1. If we count other beta carbons within 10 Å of each Cβ, what is the order of ARG72, ARG54, fewest first?
2. Non-local amide H neighbours of ILE8 (under 5 Å, H modeled in plane, Pro and chain starts lacking H): which ones?
3. Which order, highest average first, do 57-69, 13-25 follow once you tally other Cβ atoms within 10 Å for each residue and take the mean per peptide?
4. Under the Kirkwood approximation for Rh and a Cα-based Rg, what ratio Rg/Rh is obtained for the range 49-88?
5. Net charge near LEU60, counting Lys/Arg +1 and Asp/Glu -1 over other residues with Cβ under 13 Å of its Cβ?
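No value in this document is a laboratory result; all are computed from the given coordinates. These numbers come from a predicted model, not from an experiment. With ideal geometry, Cβ positions are generated from the backbone for all residues, glycine too; neighbour counts draw on all protein chains shown.
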Amino acid sequence: MNAPRIAILGGGISGLAAAHRVRELDPAANATESSRPESGASVVAAADANDVMREQLYYLIEHVGSGICGCRDCKRYVRARRLLMEVFA
């Protein structure tokens, strides 16, 4: 029986984790993650926490730009805004 060939497209660290999990489940599987640089080397660096928080705030602000609908992200926006505005109270 031939080993399964599995392509994992992109995903960075998630793609690498998926390829690792495929190999755990079936060591004979040929899992390839496609977002690797041409050299074949993979470098994983932790994201800066401030950048992650800033991106999340930008996302939430953009999300509520057309109004607060009461969804999960709108509720996150309201909580974050309340906490950030406490400084000025």
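1. Details: ARG72 7, ARG54 11.
The order, fewest Cβ neighbours first, is ARG72, ARG54.
2. Result for ILE8 returns THR32, GLU33, SER34.
3. Top to bottom by mean Cβ count within 10 Å: 13-25, 57-69.
4. For the range 49-88, the value is 0.98.
5. Values: positive: ARG54, ARG72, LYS75, ARG76, ARG79, ARG81, ARG82; negative: GLU55, GLU62, ASP73.
Its environment carries a net charge of +4.
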